[in-house]
């Protein structure tokens, strides 16, 4: 990236609110149904149909706003956002414009030990549009199909201030936002299912310039990696254009995952292009302060609070605490382990290491993992007891993950009990020392690699089942006494 320019980033995130039914009708919001089977005259835009606001959606929006340190409006209203698109059957979207339900919030990100506050301009409620199913790439598809199952699903659009200065900061913001929404119970945030979608507004300016540059909006980024790469590409594209004397056009762009580039889609609309006006079918919404206070009192432990608890209660470093609080399910798994086993750092290491590795490798959520907390802590106990080594435990863990078998069963089936009996190990050690006098001489001359050779020979002879600590101790005694 050219060091003469500063990147300025703001994100608009659409989170599907965790309700059983849509925002203005009783159609199901369940994911995965056959196309156009979860629709009715209201969400499919039949003339004359009247919307009825889902109270649960309002409740969840307030909770999300509180979790994001927002002011909750005493009075908000719904507006019609007018535009024409094939997946918008009414030719307008019910949204909120000048009186949103939440505003003036913030969240804090931590990037390489440096904390930064990112402002949240507003978080407003709106209905989702339908979905276009493209036959191939969006820029080259010969035709698209319309599925209205998603039409009318309640959304919270969370608009950040342009406070981020790198793709890495934007990713950290989105990860933190996802974590907060999950802990607050506001959304399931499944990006692969479209319940968390992100648009990135990107501009560049010379260092020291206060005025913002011309921005472009990259639509519908559906993964953290796509967000990061799209921003990096777009910022570099704009810098190169400016350096070549070209003008940046304010436009909407899409991310081409296959070619790893952004592509222009259409000119960027301004607010007046949407011709907002209050929806005549929905009266203004008055929100009682008592209701807000009750919802605030009912908020569960949020990520920042959980991180602080893990550091204070268990002495975990900030990095561990941040990873363990990415999702409420991951934190719950850790807490359950600690109710059975009292070494927090050991549990943390295994959860961030082997457990995360296999969950990512097989794309499995932790609640679907076959290794339950009681099984993991039993495995750690077997290490502590000297029954198996740490290296052997990783092999046992792999078998447990694949089959769901208990650690004791796997150890017994594979004959993986660690050899700690000193008399058994001494016979092997004496034989190896006697067979390698030259290496003994090297060790006594100060060559440390020689000691490693003997350890390796013992581990080879026992097929990796010798207790490393016992082997090291016995070898040092024997080589000293020779």
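Every read-out reported here was derived from the displayed coordinates using simple, explicitly stated rules and does not represent laboratory data. Note that the coordinates shown come from a computational prediction; the quantities given were computed from them, not determined experimentally. We place every Cβ from the backbone using ideal geometry, glycine too, and count neighbours over all the protein chains shown.
A few remarks follow.
- The long axis of helix 468-481 is offset from the longest Cα principal axis of the chain by roughly 30 degrees.
- For the chain, the longest principal axis of the Cα atoms and the long axis of helix 328-338 meet at an angle of about 30 degrees.
- In terms of packing, defined here as the mean over residues of other Cβ atoms within 10 angstrom, the peptides 361-370, 153-162, 425-434 line up highest first as 153-162, 425-434, 361-370.
- Crossing angle, helix 448-461 versus the chain [Cα axis fit, 0-90 degrees, rounded to tens]: 90
- Tail beyond 26 Å, pair distance distribution of the stretch 301-414 (Cα, percent): 16
- Spherically averaged projected area of the stretch 422-481 from its Cα convex hull (nm²): 3.6
- Of the peptides 437-446, 345-354, the ranking by mean beta-carbon count within 10 Å, highest at the top, reads 345-354, 437-446.
- Three semi-axes of the equivalent ellipsoid, the chain, Cα gyration tensor, whole Å, largest first: 55, 27, 22
- When only alpha carbons are used to place a centre, the stretch 282-334 and the stretch 84-153 end up 24 Å from one another.
- Shown for 14, 272: other C-beta atoms within 10 Å of each C-beta, ranked fewest to most, produce the order 272, 14.
- Whether the stretch 86-209 is rounded, prolate or oblate, judged on the alpha carbon gyration tensor where a/c under 1.5 counts as rounded: prolate
- Whole-Å distance, taken between Cα centres, linking the stretch 1-31 and the stretch 398-467: 54
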